[in-house]
2 protein chains.
Amino acid sequence: MIQPQSVGAVVAQRAHFTEPLALKSGGTLPEYELVYETYGTLNAARSNAVLVCHALSGSHHVAGYYADEPDNIGWWDNLVGPGKPLDTHRFFVVGVNNLGGCHGSTGPKSANPATGRRWGADFPFVTVEDWVTAQARLADRLGIERFAAVVGGSLGGMQALAWSLHYPKRIGHAIAIAAAPRLTAQNIAFNEVARQAILTDPDFHGGHFYEHGVVPARGLKLARMLGHITYLSDDSMAEKFGRSLRHGRAVYSYDVEFEIESYLRYQGDKFAAHFDANTYLLTTKALDYFDPAFEYGGNLAAAFARATADFLIVSFTTDWRFAPARSREMVNALLHNQRNVSYAEIDCAAGHDSFLLDETHYHAVLRGYFNRMGV
Amino acid sequence: MIQPQSVGAVVAQRAHFTEPLALKSGGTLPEYELVYETYGTLNAARSNAVLVCHALSGSHHVAGYYADEPDNIGWWDNLVGPGKPLDTHRFFVVGVNNLGGCHGSTGPKSANPATGRRWGADFPFVTVEDWVTAQARLADRLGIERFAAVVGGSLGGMQALAWSLHYPKRIGHAIAIAAAPRLTAQNIAFNEVARQAILTDPDFHGGHFYEHGVVPARGLKLARMLGHITYLSDDSMAEKFGRSLRHGRAVYSYDVEFEIESYLRYQGDKFAAHFDANTYLLTTKALDYFDPAFEYGGNLAAAFARATADFLIVSFTTDWRFAPARSREMVNALLHNQRNVSYAEIDCAAGHDSFLLDETHYHAVLRGYFNRMGV
């Protein structure tokens, strides 16, 4: 067996769109750019394209590295590459930064053409459905009429679901990993605390902090610390950190005492140094709003009636953010519509973040699913 | 059967202590006051006293109301009173505000006798063990050599455990409800996010905000919102709030849209208006530090060897903050020492906050346990 390899050095590309995009929120983006990357080669039949959708803190940089930044590895590099489960010898893989993002696509940091100022908090609300529409336009540009598959974890999985509902003819398989068909009250509650941390940070300046030369780092840091707790499982935190004390005993201080405090502060600081606060707000709202069953009186089976794709749904036993029960809701709704649905519940201790790891059984499921996929 | 009644109008009392209190943190409180309330009558044998210990946001005001504030009902009024599970016809019940608190006992808002300024962030760290020591001194003052029982929920339950370990001869029964023998990494992580919200609030002023005429309301509000999520269960939030939208549909705004957002903001604002930020910080640290097994290499059974009380341990099925498994750890450690331990795992949807409710089976367990208790 040939060892799996990296896709190697990659180059991000840009696509400019001048046709206005009408958004679900009622707003319109007059024009916009999407930044994206591709790996592998589109075959002559244009039938081997796979779209990878990113979650809250992901981007278009799914695999490989940049020649001038060799340590900047794509967020799903363990999954995508030659000989990897999503094998770029067979598939043409597309990653795209979502609208409203902060990694190069048009977002709050971009200039608002109407004012010349950065959009900031005036950037219109974007939804999962809007992202999917923009992705479909990018597919048009790339000459992809139909994706062999759309795949994503967490919020990325919601985009795969939305593809199956809004472009049923343009998608062969929808793969939703560690996802949920809609957020619970508890999910929304965590998002709301994170938003309030940002919105009430005096450095937020109503979302126009760019003009003040500051960033609401305190709020972003708190949001990320809180997020991280929900990405990990109780067990994995216990195993990794437990009650380990930096000084071996209590020193009675608000500086770091327990190692878990150090980890969370580090993650929070790192995130606050590069992520955009307005993007964070927009993305959590997109999560809250997503609810394909809303216009069907909450009936998820009715919502999925228009889907024609085959489905792979994957959940992780210790994921309490989007627990296996949430995936089973989707499976049941799909079975109700006699869709072809495969479901894997992976025994993994790492909680929600499991979808980013190369846990053996998990990757074997994906490898097998992609291997069997006709292109 | 006579209907259970309120203890009626109550009056808080104060006890001043001039003997310095050496604290576990190494600091010393030169003198201090404790505010407390009592209900019922101490019998001639002084054998019917029950100490009620409070959790993070509780106080000495356990039952009844104040004549000039008829709506200010004690936090465990459904449990304590004539004919109630902890029956004040039989028992003499004592509630006390812990040191470092903000409801009347000496704490960060009090004047530091050495400087004449409010203690603020200079108030020494206090631990569960220090609280228990102070409570024992109050018992001395009240002529109580031995409590029939010490009872508490959550952090209050930890105090009951500490009583059984540090004053084994002064306690007949320890009743720990919705408690844990020590926090997990996840528990500490939630506390740390809450602390960082307060510590990084510009209105915190290093803990000396009193002198600036402000309070770190933003930080306190965030801390309380986050806390509330952990007090409720996923299911109870889903049942109470679900995805209910204030306007019946998404309006794309950072104002309240989902009802859960409204609830959390309201709880946060209410709390921030009256609770002291330094007390919040101290109390979360007391929670983090509590670990009776620490000096026994993590061996909880070894830690409990010195306990002689009888125990009642109560947990709630949907409590994910201090899950039933945490109570079972205590039960196993006690059984290992051949202690008399009763354990009730109550099927209740309300999560951690269940210990404050008058759920039928839960109160029946407590009523039965107190009824059988000799005084």
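I'd like the full set of residues that are crowded, with 20+ Cβ neighbours inside 10 Å and either touching a residue at least 60 places away in the same chain (Cβ under 8 Å) or over 21 Å from A:Trp320 (Cβ atoms) (or both), limited to region B:342-354. Within region B:342-354, B:Ile346, B:Ala350, B:Gly351, B:His352, B:Asp353, B:Ser354 qualify. When A:Gly157, A:Gly152, A:Gly207 are checked against the criterion of being in contact (Cβ under 8 Å) with a residue 24 or more places away in the chain, farther than 24 Å from B:Asp234 by Cα and in contact with a strand residue (DSSP E or B) (Cβ under 7 Å, 6 or more places away or on another chain), A:Gly152 stands alone in meeting it. Only a single item in (1) open to solvent by less than 50 Å² (accessible area, probe 1.4 Å); (2) in contact (Cβ under 8 Å) with a residue 24 or more places away in the chain; (3) in contact with a Ser or Thr (Cβ under 7 Å, 6 or more places away or on another chain) is not met by A:Pro292, and it is number (3).
When restricted to residues that are open to solvent by 30 Å² or more (accessible area, probe 1.4 Å) and at the interface with chain A (Cβ under 7 Å from one of its Cβ atoms), region B:253-264 contains 1.
Residue by residue, here is whether (1) of a type in the set (A, V, I, L, M, F, W, C); (2) without any contact (Cβ under 8 Å) to a residue 12 or more places away in the chain; (3) within 24 Å of B:Gly58 (Cβ to Cβ) holds:
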| residue | (1), (2), (3) |
| --- | --- |
| B:Ala277 | yes, no, yes |
| B:Leu300 | yes, no, no |
| B:Ala305 | yes, no, no |
| B:Thr308 | no, no, no |
| B:Val314 | yes, no, yes |
| B:Arg328 | no, no, no |
| B:Leu335 | yes, yes, no |
| B:Leu357 | yes, no, yes |
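Residues that are facing another protein chain (nearest Cβ under 9 Å) and in a loop (DSSP other than H, G, I, E, B) were ranked within region A:234-247; the one that is nearest to the chain's Cα centre (by Cα) is A:Phe241. Helices (runs of 4 or more DSSP H) fully within region B:123-233 that include at least 2 residues being away from every other protein chain (no Cβ under 14 Å) and surrounded by fewer than 23 Cβ atoms within 10 Å (Cβ to Cβ): B:128-142, B:155-166. Pairs linking a residue in region A:231-251 that is in contact (Cβ under 8 Å) with a residue 60 or more places away in the chain to a residue that is among the aromatic types (Phe, Trp, Tyr), with Cβ atoms under 8 Å and 6 or more positions apart or on different chains, are A:Ser233/A:Trp320; A:Asp234/A:Trp320. Of the residues making up region A:260-288, those that are among the aromatic types (Phe, Trp, Tyr) and in a helix (DSSP H, G or I) are A:Tyr263, A:Tyr266, A:Phe271, A:Tyr280.
When region A:301-352 is filtered for residues that are under 21 Å from the mean Cα position of the chain (by Cα) and at positive phi, only A:Gly351 remains. Of the candidates A:Gly58, A:Gly83, the single residue that is at pLDDT 95 or above, under 28 Å from A:His173 (Cα atoms) and either in a strand (DSSP E or B) or within 13 Å of the chain's Cα centre (by Cα) (or both) is A:Gly58. Could we say that A:Cys102 is away from chain B (no Cβ under 14 Å) and touching a Lys or Arg at 6+ places or on another chain (Cβ under 7 Å) here? So A:Cys102 passes the test.
Filtered by the rule that a residue be open to solvent by less than 60 Å² (accessible area, probe 1.4 Å) and free of Cβ contacts under 8 Å to residues at least 40 places away in the same chain, region B:14-72 gives B:Val62, B:Asn72.
When you check A:Ala272 against the structure, is it of a type in the set (Gly, Ala, Ser) and either in contact with a Phe, Trp or Tyr (Cβ under 7 Å, 6 or more places away or on another chain) or within 30 Å of B:Gly297 (Cα to Cα) (or both), yes or no? Reasoning before the result, please.
On the way: of a type in the set (Gly, Ala, Ser): yes; either in contact with a Phe, Trp or Tyr (Cβ under 7 Å, 6 or more places away or on another chain) or within 30 Å of B:Gly297 (Cα to Cα) (or both): no.
It is false that A:Ala272 is of a type in the set (Gly, Ala, Ser) and either in contact with a Phe, Trp or Tyr (Cβ under 7 Å, 6 or more places away or on another chain) or within 30 Å of B:Gly297 (Cα to Cα) (or both).
Output the number of residues of region B:161-195 satisfying the condition of being out of contact with any helix residue (DSSP H, G or I) (no Cβ under 6 Å at 6 or more places or on another chain) and of a type in the set (S, T, N, Q). Counting residues in region B:161-195 that are out of contact with any helix residue (DSSP H, G or I) (no Cβ under 6 Å at 6 or more places or on another chain) and of a type in the set (S, T, N, Q) gives 2.
Being open to solvent by 40 Å² or more (accessible area, probe 1.4 Å), facing another protein chain (nearest Cβ under 8 Å) and more than 30 Å from B:Phe204 (Cα to Cα) is a property that B:Ala250 lacks.
Does region A:272-284 include one or more residues that are surrounded by 15 or more Cβ atoms within 10 Å (Cβ to Cβ), under 17 Å from A:Asn187 (Cα atoms), in contact with a helix residue (DSSP H, G or I) (Cβ under 7 Å, 6 or more places away or on another chain) and within 11 Å of another protein chain (Cβ to nearest Cβ)? For region A:272-284, residues surrounded by 15 or more Cβ atoms within 10 Å (Cβ to Cβ), under 17 Å from A:Asn187 (Cα atoms), in contact with a helix residue (DSSP H, G or I) (Cβ under 7 Å, 6 or more places away or on another chain) and within 11 Å of another protein chain (Cβ to nearest Cβ): present. Pairs meeting the criteria (first residue in region B:359-375 and among the hydroxyl-bearing types (Ser, Thr, Tyr), second residue assigned to a loop (DSSP other than H, G, I, E, B), beta carbons under 7 Å, at least 6 apart or on different chains) are B:Tyr362/B:Cys348.
Run down B:Phe355, B:Phe311, B:Phe322 and say which single residue is in a loop (DSSP other than H, G, I, E, B) and in contact with a strand residue (DSSP E or B) (Cβ under 8 Å, 6 or more places away or on another chain). Write out each step before concluding.
Values: B:Phe355 fails: in a loop (DSSP other than H, G, I, E, B); B:Phe311 fails: in a loop (DSSP other than H, G, I, E, B).
One residue alone meets the criteria, B:Phe322.
The values are calculated or read from the model by the stated rules, or taken from the named source; none is laboratory data. Everything quoted here is computed from the prediction, not taken from an experiment. Positions of Cβ are backbone-derived with ideal geometry, glycine not excepted, and every protein chain shown enters the neighbour counts. Accessible surface areas use protein heavy atoms only, side chains included; no ligands, DNA or RNA. Shrake-Rupley method; radii C 1.70, N 1.55, O 1.52, S 1.80 Å.
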